[in-house]
Each structure stands twice: as structure tokens, then as C-alpha cells.
1. Percent antiparallel among DSSP beta bridges with both residues in the protein assembly as shown, to the nearest 5?
2. Using a Förster distance of 51 angstrom, determine the FRET efficiency expected from the C-beta separation of B:A14 and B:E402, and round it to 0.05.
3. Take the alpha carbon gyration tensor of the range B:1-54, find the square roots of its eigenvalues, order them as a ≥ b ≥ c, and report rounded if a/c is under 1.5; if not, report prolate when a/b exceeds b/c, else oblate.
4. Within 10 Å of each candidate Cβ there may be at most 11 other Cβ atoms; applying that plus a DSSP loop requirement, which GluC sites (Glu not before Pro) in the range B:254-329 survive?
5. Please label the shape of chain B as rounded, prolate or oblate, based on the square roots a ≥ b ≥ c of the eigenvalues of the alpha-carbon gyration tensor (a/c under 1.5 means rounded; beyond that, a/b larger than b/c means prolate, else oblate).
6. At a 10 Å Cβ-Cβ cut-off, how would you order B:S244, B:S65, B:S258, B:S170, fewest neighbours first?
7. Between B:D227 and B:E71, what is the spin-label point distance in nm, taking each point 7 Å from the Cα along the Cα→C-beta axis?
8. Please list, in chain and number order, the residues 5+ apart from A:G44 or on another chain whose amide H is under 5 Å from its amide H, with Hs placed from the backbone.
Amino acid sequence: MTRLTPTFDHLSSQNRAGFVAYVMAGDPDAGTTLETLRGLADAGADVIELGVPFTDPMADGPTIQRAAIRALDGGMTLKGVLELVRQFRQTHADTPIILMGYANPFHAFGYAQAAKAMAEAGADGLICVDIPPEEDAELRGALDSHGLSFVRLAAPTTSDDRLPQVVTQASGFVYYVSTTGVTGAKSGQTADIADAVARVRQASGLPVAVGFGVKTADRAAEIAKVADAVVVGSAIVDALDQDGVEAALSLAGTLADATHAARGG
Amino acid sequence: MTQPNAFSQFPDLAGRFGEFGGRYVAETLMPNILALEDAYDRYKRDAEFVAEFDLFSRDFVGRPSPLYFAERLTEEFGGAQIWFKRDELNHTGAHKINNCLGQVLLAKRMGKTRIIAETGAGQHGVATATVAARFGLPCEVFMGATDVERQKPNVFRMKLLGAEVHAVTSGRGTLKDAMNEALRDWVTYPDETFYVIGTVAGPHPYPMMVRDFQSVIGREARAQMLDRIGRLPDVAVACIGGGSNAMGLFHPFLEDESVRLVGVEAAGKGLNTPDHAASLNGGKPGILHGNKTYLLQDEDGQITEGHSISAGLDYPGIGPEHAFLHDMGRAEYRSATDAEALEMFQLCSKLEGIIPALEPAHALARVRDLAKELGKDGTILMNMCGRGDKDVFSVAGALGVEL
């Protein structure tokens, strides 16, 4: 069992939505990322998604694309990402960390070796954007054998017929992509999202996190009323790039508070 | 009758050619990919669809393209007979339009209202814009900003044809970034959009579908060889970027075990330098743009840029069916450098009165070796997949001539 289950159980017992914060590993360097990871956990992030940079992030908008280029220009590798996780674990034992990226860096590392190294470093799972259920057997098997979660993505285009196939082998939580589009695009209508979250939750029996296009505290609070967790990525990455670690953490704190308080009123 | 082998039976139902191919796309696109697969499966057996494809292939594209005996190059190389399949005579000057025609006809059948495409040098963009114009569908083409600057005539052609050209500045602004951006557009407007991929790569069913539309090249050439010389060629040769003209030539010969298939990759400044685009000869298997195949990549799995004097060959991947045929040993993959392509570009122009595109000029460099290997009794079929008008500026530049 990963750290995800107790985290979501705890949130559920308090009737609070979780706040999931995304940051790109190595943007612009490893030191900045480590400081940001620790700060995010302290600012109220319940789960952290740590981006693994890739040259060709075909599902990401301009903000994450540029962050990936900065990270790669700074020399970040999958090995470097795992080292960041290991260092984060020295100070933060309980906050789950999910790696998020594209298949090829993991394929080049070797799926089995990557899963083993992730478990050793203290990661909890992986979101792999370009591994749909049809292609996941080998990677999911490797993660399973090290007790890691393979977090699945569901989208507005995922039909009721297809949904069971998408979520059957999922673990940890399901990431619902709130809109057709890339990361950082406009987010979908709240009513549609509420409906979709209910469907995904029922089909999977897992908590559902909603991401893509959540930028403000108001929006986070709206999503928090209907989903089990709210994911914010591009807005934090933008703040980090434009105004530095302190600004990014301040934004994350505001978003975390709004998410946590949303169901209280 | 030759004994059938299994090579032409791929891909399997999961879109796999052995371990290659597949459908590595974001979940948002997956339902679209499955719908495309269903639609293609239905229409490829639909007599009306096939008849329309054949009609427009004849009257709009100009098929069948001739088979031509390259007599003076045969003399020059002093060995096997060299025959060209003249796909450079197609409308828009290359083989690309065969596939665009098929995909745009399919888009219409599927009720899609908007066509998108990626392009490197602009050939596939022009071909897509051409067919989209003919069928009255709005067309948007994604092209790396660097290429937009370098290929102004093709940008203007696309605009004349009514297409909108998006200069892609994300990533490094090259062909692979244009493909990323087209995928991002598709993920944003999945319902109304048909993405016309220009080569035998991408998620299933694209590698199979593009191959099928391009196989008209090999089917015609096979029949023409039998008609003209009463036998099949000893070797069929084609250049390879993503590999669509080569796959179109090879596929109808896959079960003719006497016919050697030779693909020629772009070796750029040499395979021993970082500046080449030879995915099979200088890359390793990985996952990009929806398929598993050989890729140019570093040890961390980051994709590296291909280089070739030919903008049509500098893609860092290759179609998964080529990866399969390579590993199975059914096809051989060689390479030719920028310098060899330049030499052949000039030689073919002078001796045959055909200015080849730089892409098939690569193939011709290996035809020279093969002609000697086979000797005077041998026969070589090469796909002349594009004409060289588009390349005169870059060739002049490379030769130090100011225009």
C-alpha cells in the first residue's frame, strides 16, 4: 500500500478535498525543486506530482513545455528526479509523491529498473500520459510488483462503455482531465465535472482528482466541492518561473486553503 | 506463385508489428483513435469509397505514374538495369498526395469538418491543403517556425490553397514539434477534427492506413515490371524519413521472397557524427508520437533532433513497420550522406533529365552500389518519390551558388 490510501482516507474522514500540487523536477535546477517540494508539503499540499521532463510533451500546454525545456537544459534526468524524491523523503515521510511524465524516459531506463528505483527512492506511483490501458501491461506490472500505484487518466471523451476498461486496473486515485485540451487550458464546466467525477468514482471505487485548467482559489474551491482532490500545475509552475519559490508557495498555500475549506461553508 | 509469408499480415488487432507500433496516446485521444480504426476498417472494404479513391487517384493525382527505364544511369553505373517508379510526376510533385487523398476522403465520410496536418519541409502540408481545397474542408497546417522561414514558397502555396499555416515555436520549432502541436490541437478539438498524419508513423491505425493508401505505388510498379520485362525486380529501393514512400513501395512485394527490399536513411554528415537522421542505423527502440519504434534519443530517453540536408528526412523516428521488417531481416536499411545525395541530385539531373528531390537522391546513392553488386543481369526498381524543384535553393546554397 502506498501513502495515497491513508492520505485519501484521512481527507475523506474530515470531509475535505485534497490539494494536489504539480511541479516540474529540475525547473530550473534541482535545488529549487527540492526547496519547492518541501515548501509545498508544508503549505498544505496533500499529494505532490513531480513532473519528469521530456523533450516532446504532447499533452502539455506552453507553461509545462517551457518548464520541461528549462529542466532538460539544466541537466535533469530520471535518475535526478529519483534523487530529488529520496532527498524529499528525508524530511517528509508521509506526503505521497507521484511522478508524472511520458513513457520514453521510463522505457529507456527500463520499466522494471525504474519501478525498483522509484520504490527505493520513496515515490508512490506514476502518471504516464501516453500509456493508455491498451498499452500498459508491462509498465503496470513493473509498478505493481513494487507496490506502486499506476494512476490512470480519464477524460471527457472517455465514454461510459470505455470507462470500466480505463479504471479497472487503476490504483491510488483516478486523475480526471477536466477538459479536452492540454495542461493549462481553460477548465470545463463545473456541472459537467461533477457528473463525470461521480461516474468515474462509481466505476473505479477510487478517489477522483480533477486537473487541467485550475488556476485560482475560487476555481479550486468549486472543484473541491465535487471532486476528491484538486490538481494545480501550470499556475504554480508559472508563479515559480515568474516570481520565484516564495511566490509559488504562497499561491499553493492559498489554493490549498481554498480547497480544504470549500466544503465547510 | 511465390509462397506466401506472414509479413504482409501485420499489424495485429492491437496495431502491433511484432513489438513495434501500438497506440501510445493520451486518454483524451484514445476514443478518437478507436473510432478512426472502426471507420477505416469499414470504408476500406466499401466499394464506393474505393471507387472514389481510384477515380481521384486517376483524374486529380494523375495515376498510374509511369515506370521508366533509366538507361543513361544504368550505363553510368555499369551494372544492373535501373527502373524508376515516377511518383514525382503526381500532382503536387511527390507521393505524399496518395495518402492525403485517402485520409481526406475518409474524413468526409466520418463527418469531420476540419483538417489538420503537420509538415516539415511543407510537402505534406501542401498535399493536404490541396486535397482539402478540392473537397471544401478548412485546413490548418502546423509547421516549425524554423521551417516556415526556410520554406517560404511552400508556405505561400498552402495559403493560396486556402490553408492556415501555424508557425510552431514550442520546443525547438522543428518537424517533431509541429507534430506535437498538431496532437495538442487534436486533443483540444477531438470531435470535429481529422488529423492527416503524413507518414507511416503515429498511433494505430495510422501506420497501417497510410501504408495502405501508399501501397498503390508498389501495386502499380509490380504490375508494370511484370508487363515490361516479364519478371519482378531483384531489388526495390526507396529513401526513408518516416518511411511512407518506402512502405508503399515495399508492401506489395513483401511476399515476393526473391525481391530484396532496401530502405535508405539519411546519414546527414555521417553516422559517426551526431548530425544524421538514421533512426534504424543510429537509434534504438522507444516511444514517441503514439508508437513504439526506433528513435533518435539520448541515454535518458530524450529525443534528439535529426539532421539531413533533406528536410523531408530529418524526423527522429521511423514507421513501426520498418522497425519490424528491419528486426525480422525482411528489409535491409542502408544510409546515404548529405554529400552523396547532392552528388546524385546533380548526376540524375544531367543524365536523365529528371531533377530528383533530395530524398530520392539518397536512394539513388545506394542504387549505384546495388547496380554494381547485382551486375548486368540484375534489375533494380527505385521509387522516384518526389521532384527536386523544391530543393533548388538549398542545393544551390550547398554548392555555393547564389541565386
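Every read-out reported here was derived from the displayed coordinates using simple, explicitly stated rules and does not represent laboratory data. Computed from a predicted structure; not experimentally measured. Every residue, glycine among them, receives a Cβ derived from its backbone with ideal geometry; neighbour counts consider all protein chains shown.
1. Working: 16 of 79 bridges.
Here the antiparallel bridges make up roughly 20 percent for the protein assembly as shown.
2. Details: r = 53 Å, r/R0 = 1.05.
E(calc), rounded to 0.05, equals 0.45.
3. Details: a/c = 3.60, a/b = 1.12, b/c = 3.21.
Note, shape of the range B:1-54 comes out oblate.
4. Numbers: sites: B:E255, B:E257, B:E265, B:E299, B:E305, B:E321; in loops: B:E255, B:E257, B:E299, B:E305.
Answer in residue order: B:E299.
5. Working: a/c = 1.37, a/b = 1.22, b/c = 1.12.
Rounded is the answer for chain B, as its axis ratio a/c remains below 1.5.
6. Working: B:S244 28, B:S65 24, B:S258 10, B:S170 21.
Final ranking by Cβ density, sparse to dense: B:S258, B:S170, B:S65, B:S244.
7. Label at B:D227, label at B:E71, 2.0 nm between them.
8. Those qualifying (amide H under 5 Å, at least 5 residues apart or on another chain) number zero.
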